1. At a Förster radius of 25 Å, what calculated FRET efficiency corresponds to the Cβ-Cβ distance of C:T400 and C:D443, to the nearest 0.05?
2. Which of the trypsin sites (Lys or Arg not before Pro) found in the range C:581-678 are loop residues per DSSP with 14 or fewer other Cβ atoms within 10 Å of their Cβ?
3. Please list A:I196, C:I595 in order of solvent-accessible area, largest first, computed with a 1.4 Å probe with all protein chains present.
4. What are the ³J(HN,Hα) values, in whole Hz, obtained from phi via the Karplus relation 6.51 cos²θ - 1.76 cosθ + 1.60 with θ = phi - 60°, for each residue of the range A:340-354 in sequence order, with x given for Gly and Pro?
5. Pop out a list of residues from the range C:101-150 that are at least 20 Å² less accessible with all the protein chains around than in their chain alone; 1.4 Å probe, no ligands or nucleic acids counted.
6. Work out the FRET efficiency for B:D217 and B:T181 from their Cβ-Cβ distance, taking R0 = 41 Å, and round it to the nearest 0.05.
7. Just list whichever of C:K276/C:K646; C:K46/C:K79; C:K96/C:K186 have alpha carbons separated by over 23 Å in the model shown.
8. From the phi of every residue in the range A:162-173, what ³J(HN,Hα) in whole Hz does the Karplus formula 6.51 cos²θ - 1.76 cosθ + 1.60 yield, where θ is phi - 60° and glycine or proline is x?
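The values are calculated or read from the model by the stated rules, or taken from the named source; none is laboratory data. What you see is a predicted model, and the numbers here were worked out from it, not measured in a lab. Cβ placement follows ideal geometry from the backbone for every residue including glycine, while neighbour counts extend to all protein chains displayed. For accessibility, only protein heavy atoms count, side chains too; no ligands or nucleic acids. Shrake-Rupley method; radii C 1.70, N 1.55, O 1.52, S 1.80 Å.
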Amino acid sequence: MAVGEGEKIRKDRENKVSDVFDFFSIGKLKIGWILAVIFSLILILIGVISFAQQEKYGDIVTGLRTPGYGGVSWGLYVVFIIYFIGISFAGITISALTRIFGMKELRPLTRPAELLTIISLILGAMSVLADQGRVLYALLNLPRYARVMSPMFGTFTMVIAGYLFASLVYFYLSARADAWFMASRSRGFLRIFYKILALGFSGKTDDYLRHSYSSFWLAIFILPLLVTAHSTLGFIFGIQAGRPGWFSALQAPGFVIMAGISGTGMLVIIAYLLRRKIYKLEDVITEKAFRTLGTMLMILTITYIYFMIVEELTANYAAPRKEREVAHAIAFGPYAIPFWTTVVCLLVSFVMLFYQFVSGKTFIWINLLSSLLVNVAAVSKRFIIVVPSQTHGFYLAYPEGSYHISPVEIGIILGLVGFGILLYIIFAKIFPIIPLDTAGIREEPEEENLERTEYGTTLLLRRFAFVLTLLLGFILMIVGFLASARVGTKPYLDPPIPFAPVIFILGIMLSFISAVVYEVFPGKYRTQPSSEKF
Amino acid sequence: MEEEKKRETKNKKEKRNFLKLFAIAGIFAGVPSFVSKFFALVSKNDNENGEEPEGKSGEKYRWGMVIDLDLCTGCGACVIACKIENNIPPTGYTERDRGTEIEWMSLIPAGEDKDYMIPIPCLHCDNPPCTKVCPVGATYINDEGLVVQIWDRCIGCRYCQVSCPYERKFFTWKKPEWPETYLQWLNPDVPTRPKGVVEKCTFCSHRIRKLKERARDEDREIEDKELVRLPACAEVCPTGAITFGNLADPESTVSQLAKSPRAFRLGEHLGTEPKVIYLAKEKRKFISKEV
Amino acid sequence: MKEVDIKKREFFKAVGGISVLSLLTSCEADVYSLPEKKPPVPGAEKWYEGEEKYIKSVCGQCPVNCGIIVRVVEGRAVKIMGNPAASPNRGVLGPKGNSGIMTLYDPDRIKHPLKRVGKRGEGKWEKISWDEAIKIVAQKLKEKVEKGESRKIAILCGRPKGFTRELFERFADVLGTPNFYDFFEKSYSPRPILEAMREAFGVWDLPGFDSQKTQYILSLGSAMFESTCHGIRFARAVYEIRYRYPARRGKIVQVDPFLSATGSQADEWIPIKPGKYDVFALGIANVLISENMYDRDFVEKKTEGFERFGEIAREYTPERVEKETGVPAHDIVRIAREMWNSRPSISLVDERSTSTTNGLHIACLSLCLNALLGSINSPGGLVLRPPIKFSNWKDVKRKTKERKIPFADLPDSDVDTFLFYYMNPVYSEPAGERWAKLLEKADFVVSFSPFEDETSLFADIILPDHTYLERFEDAQSFSSIPFAGFGIRKPVVYPLYDTKNTGDTIILIAKEMGFEDEFYWEDFEEAVKERLKNFDIDEVEEKGWWEDPEKKWADFDKFRFCSHLPPHEPEWKGDGLYLLPYKSTTYGEGSGANIPYLMELSARIKMLPAYMSYETFVEISPELAEKLKLSNFERVYVVSDTGKIKAKVLIKEGVPPDVVLVELGRGHKAFGRFAKGRGANPREIIVPLKSIVGNLALWTTRVKIEKA
């Protein structure tokens, strides 16, 4: 924590704000918030009605149909599975980058970003369910029979379970200090709530020290998980040799980069809203933060444009006829509108961001506009990844198909978006959306000053418990993985251990829970130093 | 008595020791074999570890089909026979029913000018893309080379459907709608489908099963001539273009036909190794298109 | 107000049910659609649980009469398979035969006798008992006969062969009416071929073909792989033709105005102007004669009239034929040589080839080609079937001497009492509204149809027949088997509803009218068995089919070369594009339209989505589409001099620019839930034009296409 800056902010803040509850309007109902809730509830209602339709009459109410017989089998749901999971890229990456490389200007954004990750992953999981023909069977059979050999295994376990849980752990651990702080400022029910959240955090130097360790290592472990997760999503398409337009090694990296673009873009939008419209945090979320995000977005965008050029070249230069046909249908056929939308959005954003980068100044509107554009591009690009190969990519002489998105599909997606918004605003109503230390409300001790005060025995116990959990997690993970891979049995039979996929997921969870164990394990301390100052 | 007790305890101890030994041996022998088996499974298609994919060898039956396009007149009798045999409901007549066709046996255009139709069932690939991707193992290739679908396990994600290069998998977009009287003719050997699952051609596996049972009861082997017209489509084909049989038996009709110089398989470059073999049409000549 | 209320309630239901639904409906998903107990069937008490029988019978979905084996489980017909013992199909079965159980279990069958209560054509009925219905019919007919107006009675029995048809004919004789019409009077029937056979050989029978041994088929527009009654036999012959001799592959040449399904499966498709097969056949004959490639032996010994034929054929040089038909001269020469060199070869026609007004010429000249090639009563050629030696019923004395009114003239006549069996002229005759008008003002109309079809709508009384899987009768094949054979059709299930075998009904009516002497049997089964006295019925029933053990051909005296020369120009009404309606591969001319599977297949064969099979398409060439700026699935009107129908455009390769194709079979105004009100019937706009044999021709009209 830079001393000078923090000091300044704190002083300003002290003049303006007397109560953190007032500032974040926690527990206080404002008209804007209520309207937002009503809005999202309406969206959710639309979604629930649509989903009920789909469950009652079957997927015939969607615009999805048999490929080769005039339709596409995967449509808007899959587009939004990818989109939602893509957005989740932002949060954990920003947090990890901040933690590992110490990008201080992004620190205020870590919590909104992590929350974005968690919520979008939940939405991703829900849209996966919406896509299934039999939701109940999916909930029953996936935990029982999920197979490692399927690229979807990555989506079901890595992304939705592992990634989501890792984010939750990371999110929770970094919120403990604030929870402890809030608990000390509140009374009654809220106090109990925050106390439970803080779970033993008491402002000791040890607490800060441990969190500093654990967050660093979590960040290091989460980053590869993130790449894996987004890659497996790409593999779902990339390893299908029978679908012209899908079979490409670029799918996996492309998915990772596009996830980065849409996630960063969404984060910029949220940062803008928090900064200007809701909490007036101009002094906390600095222009520099926007500039950093903008630069990141620029790099990712140009990378993706490069990918697209490579893609087009491969698909058109001496490619097999079917690949060419699909590429042609995308660029000049029925998919020209989404395709050129993607291209224009990406190019315009890149040019604007590049101008900002070169000019040395920061234009927040440029960042905002390009963020909106790249999110449009993210949806439309996913659309032209998923759909055209099913309507035009046939090796046999099937007639071309088409995809007419139905109100039910749009309804369900709207419902999911509404649910996401609701979760976000409810969270913002019960917990400070910005880490309090970055807002200068709570002071975090300097890392160099931290001193370990824990007695050796509890430290040993703590470490032992940590290692035990981690080891157990790893063992469960491996056993679960091998069993889910049907080792020792035929690939289509039940896994040798019942609920093997659950064991695998539990393994992943336990491995991450080890960090929680490490942090919250009760200890005995020599002194009781308090860093709380306000 | 005491001696007995002693012996018992001794036995118990021995048992325990034995178990211990067994456990240790198990750990030493089991874990590596576990791991090696896993890798064998993962690298199944390389055939490095001597473990061949199911249905490829060593099995008694490997069901296959030969469709002679030179004989096929495109009449569609196979399509109808299949639908009736397998309780497939009519599609419906509104715009809403577009693309909800379920045709295990279907006709698709072929030829350079797309001017004639060919029948196409599920090709029952030896290396099927659809079984690899199934997240729950609801579709798999069984020991006899049939690619089958377990409806009770299927969750309806339609991944196999999009992964099939031949579009031979069908999703039940809606609950089958039968006129009440049609329920009478439904085949009792085949279940009707729930909504929300993927389904496909089974090579009329219920008929194969019945035939096997009969052969077992009569204590004999299944004969080739019983198999040639076994599935509903082959049974009715007016030209006898569709032939069914056991590809594992080199003497069977299908194996003989498959050796024809006209034999080819659909999408050979995809490496799916279909077990439905087509015999090509002889070159035809059109004089001119204008009168 | 009520509507609003309902909507509101629905909405609240929807909203209220949502939370429950969203959780519970997923459970609903695993309930398989089959109810726990199937609906009960008549006669079920006579079956054990799980009992399964394979019952041999004969198909009745089209006049071919293939032998079938029906799998019956617990009294329900479950699957129909081909009977290997039956000569037309030898164990295989076409799409129509396969879907026969849908005819049996049609949801819109007529379940009991009906009496009309509304206006004609309205379709309002009242249930009556069989006794009452038969009494009414007998009364009415008796009145007519007693008034001396028997000639005003018309009996229409759309079966080509069989004892039911003969029973109807007998009934007509007994009533004293000359107006008995059978299958061959319909507009799209092989009547010209029959007439040609009578002229050439003096027999009233369709030719048989020893198709299994043929090496070359010149199909003059015959839909042999689609809809025709040769269909199943020629399909079975494909293997023999192509692979019988490994070194030498037989050849199938299709001469057709458009690329039909048959053309696409043939070895060669030769486009020709519509209706010009006769000129083409003469061109071939010209080459055969001028190059001395004809069977002199046969021509000298077994034919007459060759000189005149030769003289006329000599005028039709390949060059002239090219001008008239559009087939290149060198192809005509080539085909003639090929035919001669790869004998046994045959020339083939069917009802589609003869659907222009000059159908008789076409049929005759096709026979002449066969004679020139020596393919008559020779292995692999056209053969004459000997008649089956059935014993006869006691003769009927009362026969009228009055002249029969031609079928095509019936709508303009004063006939006012009609009995319809297997006939639906309101739908299936060109300009069917003439029939509708006639029936509207008719005195008395009886229909025996098991379905409520267009003609039945005009009936006063409907006496519903069994479907073919419920009734007992003989089954004589209409197909081109080269030797005598017949099957016995017997019930495979108990009658589902209160219907009656029409043979029995006729006998009951006749008895009620007092014709006990002429109709002296207890029931129709007895009548059939009397005819089959010469045969071991049990054995025939067991095998499902009887065929001549010696497989003999019938002898003939002399083949008479065609006297209908020179060729006749086919007549066309109107100007513009040739409208060529054709029978669908899957459901005939519309009689299978109540079977959704067959309907859907007809679209799937064109690679269209199944739901589009319930619409009528007009198939046009890409050139025409470009000229008229039409795109696929665009709605257009097909306009003729007499009317217009709405259709959707389907652009198809292989259609000449001056031809439009419309598939027959849609546009029913009745006929059950699957057929009613779907698509348009092209026969509504066909100008009724009599062909030389007296039937209404189907290919008579030229049309324009207008954007809708």
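1. Step by step, r from the Cβ atoms, then E = 0.85.
2. Counting only loop positions with at most 14 other Cβ atoms within 10 Å, the trypsin sites (Lys or Arg not before Pro) in the range C:581-678 are C:K629, C:R673.
3. On the way: A:I196 110, C:I595 0 Å².
Descending accessible area places them as A:I196, C:I595.
4. 6, 4, 4, 4, 5, 4, 5, 5, 4, 4, 4, 4, 5, 5, 5
5. C:I101, C:M102, C:Y105, C:P107
6. 0.70
7. Long pairs (Cα-Cα over 23 Å): C:K276/C:K646.
8. Working through the residues one at a time gives x, 5, 4, 5, 4, 4, 4, 4, 4, 4, 5, 4 Hz.
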